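Everything below concerns the one structure shown next.
The values are calculated or read from the model by the stated rules, or taken from the named source; none is laboratory data. Keep in mind that this is a model prediction, so the values were computed, not measured. With ideal geometry, Cβ positions are generated from the backbone for all residues, glycine too; neighbour counts draw on all protein chains shown. Quick note on the areas: whole protein, heavy atoms, side chains included, nothing else; ligands and nucleic acids left out. Shrake-Rupley method; radii C 1.70, N 1.55, O 1.52, S 1.80 Å.
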Amino acid sequence: MMNTQRGFTLVKVLLLSTMAGVVVFGAMKETLVQERLSGNFQKSMNARFLSEKGIYEMADQLRAKLVENPLLTRDELVNAQDPITGGGQIATDLKYDVTASIHPDNDDIIIITSSGERYSGDSNDKITAYYKFTAGQTSPVNDSLIAGCTGVTLKGSGLIDSYDSSQGSYEQTKSDNALITTGGSSADVYLQGHSIIKGDVNSAGGVYLTGSSPIKGNVKANGNVEISSGGGVRVDGNVLTLGDLIHKGGEIAGYVRATGDVTMKWGASIANLSGDDFDLQYGGTGTFPDGNDFYQDGMHYSVAHFNVDPMLVPLESYEADSEQCDPAGISSKMATVIGDSSDFSDYIINANDYYTFSPKRLDHETRQGNSGNLKDVGTVLASQRDVYIFDINEQRYEDVAQDESGNEFVFGMKSFSLSSNGNVIIQGGDVVFLVDGDFSIGGGSTMTIKDDSSLTLFVTGNFDLGGGGDIVVERHGLTSGGHATFSIYSNNSGDAVSVSGNSEMYAVIYAPFATVDVKGNGAIFGSIVGSYINGAGDADFHFDEAVTTLELGGGSGNGGGGGASAYLLTFERWYYRLPERIAEENE
């Protein structure tokens, strides 16, 4: 009996051991399956992450190309981008391949396709991403008649207006689109003279009408606006200020909006000729006399109806001497443009000297007194340098093919002095002067820029156009090649640019760190960009609206030659399976 029980117990132990073994082996099998599933999932995720990495890498490289050239079109950007192959950091068998292409049916979509793999292709994943492309747009560097980063003061009595040289002469196209601007924070505009300003005044600082100059357009200011005592129409448009308004006399023909306080004196009025619901709105305190000129619809300007913050949007402003003051990038580019000037010579042109510059060649002669006999004849060939503003519009040579190097022909000078009845002619295309020093014209001398030719001047020293010196531009505006007929680029600071005279002058002056002094009784056509603009004479200023289309090569920042607004490359969506593939699978 005892033996039977022991045998039964043995059988039970064997059965239990077998069952336990089955459970253990089942668990081991399940663990192995789970391990393999986990491994496959890990490899799949590795491949997916690699695909995503490829998407980001391609987007970064496309953006980098747009930083170098913000004006690329979508197709130009994609065609300039090569496929990318890369890997991961955790192992050597990680790989991704990515390409960029244009969307066949959508003009603003770039398709980025990326495939990732792990273990030499044992695990693969593919992602297709859509990015929306918004091209950079050209924005003018010269968008104002007078633009001062740190301020503008006008003391004269000349006419300030605009015209469009691309449409005709001044007399044919003159209009009221002049624009006076300041950009630096706290950069004020002082109108101390008697000029008639046919256009707008936009100031990142304040606007102070301390003279009798009437403004035929609008006044916008981040700072205070002050209108001195006087009669007649002082502002023909509206006045909008984020500061205070002190209105001592004369009429504002439009309406008034002020974030701060408004003070009006006897003799001041707001006509509101446009019929706006509010003559004025102000967010601060209002101080007004109790007279008929200070009521609208039976309500005095001091009541709560008018005491409402107008919530004005400030004008763009920036720190003085910042990159924004120099959208063409002259501060960072001038050294490269000038290059090594150790072999430059001084150009001193005196009486009886006759210099004729064409883009590649200078011919000069000196004549013997009044006899006109030739005393000396010489020729100088231009050297070559990469001048960045010609990256968009190439330098033109008359009847000569473009140079394959892509560099421009230039005349390098230590200084340039045209005086004592000297004569200079610019002809044959686009002539470039690189002056690593001072440039001056005076003493009854004459420089003539022939029809459809141009002179582009880079100067590191002072520019001085004195009385008695004339720059005759036979055709005002832009040449057929897209360059201003006379351009002055200066990176100098202080009192570096002085223009005076009693005759007509056409020039596009770009000196963002200099004080530009304008004197005399002549007429200036074109535009002026400076740190501070000081107009002390009675010269007329005529803004050439054609210069707003002037395109410059790569300047600083995302905006290129300041001449371009920021591009956008924006992620839209991505697919692990394209919509058309999903549709096919559902059929």
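Odds and ends about this structure:
- Residue, least open to solvent (accessible area, probe 1.4 Å), within the stretch 418-441, restricted to residues that are more than 17 Å from PHE486 (Cα to Cα) and over 30 Å from the mean Cα position of the chain (by Cα): GLY422
- Scanning the stretch 116-158 for residues that are open to solvent by 10 Å² or more (accessible area, probe 1.4 Å), modelled with pLDDT of 85 or more and more than 30 Å from the chain's Cα centre (by Cα) yields THR128, SER157.
- Those residues of the stretch 178-195 which are farther than 19 Å from LYS519 by Cβ, open to solvent by 10 Å² or more (accessible area, probe 1.4 Å) and modelled with pLDDT under 95, in sequence order: LEU179, THR181, THR182, SER185, SER186
- Candidate set from the stretch 443-460 (those that are open to solvent by less than 10 Å² (accessible area, probe 1.4 Å) and not in a strand (DSSP E or B)); member that is nearest to THR515 (Cα to Cα): SER445
- Residue that is least open to solvent (accessible area, probe 1.4 Å), among those in the stretch 236-271 that are basic (Lys, Arg) and either within 32 Å of the chain's Cα centre (by Cα) or under 18 Å from VAL201 (Cβ atoms) (or both): ARG257
- Among residues of the stretch 159-195, those that are within 24 Å of the chain's Cα centre (by Cα) and assigned to a strand (DSSP E or B), counted: 11
Matching residues to (1) exposed (fewer than 14 other Cβ atoms within 10 Å of the Cβ); (2) over 21 Å from the mean Cα position of the chain (by Cα):
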{"position": "TYR282", "(1), (2)": "no, yes"}
{"position": "ASP290", "(1), (2)": "yes, yes"}
{"position": "ASN307", "(1), (2)": "no, yes"}
{"position": "ILE330", "(1), (2)": "no, no"}
{"position": "PHE390", "(1), (2)": "no, no"}
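- Check on SER274, more than 30 Å from SER531 (Cα to Cα), in contact with a Phe, Trp or Tyr (Cβ under 9 Å, 6 or more places away or on another chain), modelled with pLDDT under 95 and open to solvent by 50 Å² or more (accessible area, probe 1.4 Å): yes
- Meets criteria (open to solvent by less than 20 Å² (accessible area, probe 1.4 Å) and closer than 21 Å to ASN202 by Cβ) for LEU312: no
Residue-wise test of (1) touching a Phe, Trp or Tyr at 6+ places or on another chain (Cβ under 8 Å); (2) surrounded by 18 or more Cβ atoms within 10 Å (Cβ to Cβ); (3) among the small types (Gly, Ala, Ser).
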position: HIS476; (1), (2), (3): yes, yes, no
position: ASN491; (1), (2), (3): yes, yes, no
position: SER498; (1), (2), (3): yes, yes, yes
position: ALA507; (1), (2), (3): yes, yes, yes
position: ILE533; (1), (2), (3): no, yes, no
position: VAL547; (1), (2), (3): no, yes, no
position: LEU550; (1), (2), (3): no, yes, no
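- Taken over the stretch 510-538, the residue count meeting the criterion of being under 13 Å from ALA147 (Cβ atoms) and either among the basic types (Lys, Arg) or without any contact (Cβ under 8 Å) to a residue 12 or more places away in the chain (or both) is 0.
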